[in-house]
1. So which residues in region 169-192 are out of contact with any Phe, Trp or Tyr (no Cβ under 7 Å at 6 or more places or on another chain) and part of a strand (DSSP E or B)?
2. Among the residues of region 209-253, which ones are small (Gly, Ala, Ser) and under 15 Å from the mean Cα position of the chain (by Cα)?
3. Taking the residues in region 79-110 that are of a type in the set (S, T, N, Q) and part of a loop (DSSP other than H, G, I, E, B) as candidates, determine which candidate is farthest from Val47 (Cα to Cα).
4. Between Glu268, Glu262, Glu216, which is assigned to a loop (DSSP other than H, G, I, E, B) and among the acidic types (Asp, Glu)?
5. Considering each of Asp39, Asp81 in turn, give the residue that is more than 29 Å from Asn243 (Cβ to Cβ), surrounded by fewer than 19 Cβ atoms within 10 Å (Cβ to Cβ) and free of Cβ contacts under 8 Å to residues at least 60 places away in the same chain.
6. Using beta carbons and a limit of 8 Å, which pairs, at least six apart or on different chains, have the first residue in region 204-223 and without any contact (Cβ under 8 Å) to a residue 24 or more places away in the chain and the second one of a type in the set (S, T, N, Q)?
7. When Tyr150 is evaluated against the numbered criteria (1) among the aromatic types (Phe, Trp, Tyr); (2) surrounded by 16 or more Cβ atoms within 10 Å (Cβ to Cβ); (3) assigned to a loop (DSSP other than H, G, I, E, B), which criterion, by number, is the only one it fails?
8. Could you check region 193-213 and list, in sequence order, the residues that are buried (at least 24 other Cβ atoms within 10 Å of the Cβ) and part of a strand (DSSP E or B)?
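Please treat every number below as a calculation from the coordinates, not as lab data. None of the values given here were measured: they were computed from a predicted structure. Don't worry about glycine lacking a Cβ; one is built from the backbone with ideal geometry, like all the others, and counts go over all protein chains shown.
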Amino acid sequence: MQKREFKNSEMLSIIGFGGILVSNVSQEEANEYIAEAVDIGINYFDVAPTYGNAQDRMGPGLVGKRDGIFLTCKTTKRMADEADKELSDSLKKLKTDRFDLYLLHGVNNVEEAKTCLGPKGALEALVKARDKGYIRYLGFSVHSEDAAIYLMNRFDFDAVMFPVNWVCFLTNGFGKRIMETAVKKDLAVLALKGMAHTTRPKDYKEYPKTWYKPVEDKELAQLALRYTLSQPVTTALTPGHMNFLRWAMEVGQNFTPITEDEINILKEKSQGTEPLFKP
């Protein structure tokens, strides 16, 4: 598995293991999925309290493997006291004494960003936790360009997680403003939605752990992921079903940057496709 540098101090696998993969599966299955990922060289693991019972499954699955893992968790809480409580609960469930990276999760708009950074906001609790050694690095995840720019301009975060998606980048440009600012400010970029295709049709029953429609064709999905990994990102996460992770692991082992001809193929495929996000 190829790796890239994170903040001049860590080498992270270019493919990450998303906690949704182990939500709503048995502990035995969760253990098998985690072991499969670790064996192939994945060392970036990501989870959140909002991913069903994923924390309860991932914690036992990482026992005996934690020292080699870069573990990320998140909070959707916006006030300090609630964020502190959620952090403590996650540490217990993940059976660890620290998170390598902790994110303000899904900051939806500038108003939420202001709350997080304001008096008694969630960031206060996270900074204190970092000072005490419970967190090593701080970041945030977003689906809003305005919220991302606001946060990056007002605090020295280490990382940003957001959609780096082929349809968006090649049609309406969503995400490019975030990328430009992140690169300028030297934030690590953790990519979401690399294998996402479009909005989820009402009658679409496949892949219930995704709220969007993923790229279902393996060749196109791997090409889309290579597009994402050809941007200045550190690692990329997949949709929440194991077939996508296995396709991604193949890419991660043999990654080569996407060519202009391949980008033109994606441009053609993206025409007439409804982007998941808008600038």
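1. Val189, Leu190, Ala191
2. Step one: list which residues in region 209-253 are small (Gly, Ala, Ser), which gives 221, 224, 230, 236, 240, 248, 252.
The answer is Ala236, Gly240, Ala248.
3. Of region 79-110, the ones of a type in the set (S, T, N, Q) are 88, 90, 96, 108-109.
Next, only the ones that are part of a loop (DSSP other than H, G, I, E, B) stay: 96, 108-109.
Values: Thr96: 13, Asn108: 19, Asn109: 22 Å.
Once the filter is applied, the top-ranked residue is Asn109.
4. Details: Glu268 fails: assigned to a loop (DSSP other than H, G, I, E, B); Glu262 fails: assigned to a loop (DSSP other than H, G, I, E, B).
Checking each option against the conditions leaves just Glu216.
5. Values: Asp39 fails: more than 29 Å from Asn243 (Cβ to Cβ).
Step by step, each of Asp39, Asp81 is checked, and only Asp81 is more than 29 Å from Asn243 (Cβ to Cβ), surrounded by fewer than 19 Cβ atoms within 10 Å (Cβ to Cβ) and free of Cβ contacts under 8 Å to residues at least 60 places away in the same chain.
6. Pairs that qualify, where the first residue is without any contact (Cβ under 8 Å) to a residue 24 or more places away in the chain and the partner is of a type in the set (S, T, N, Q), are Lys213/Thr198; Lys213/Thr199.
7. For Tyr150, the exception is condition (3).
8. The initial filter retains those residues of region 193-213 that are buried (at least 24 other Cβ atoms within 10 Å of the Cβ), namely 193-197.
Scanning region 193-213 gives Ala196, His197.
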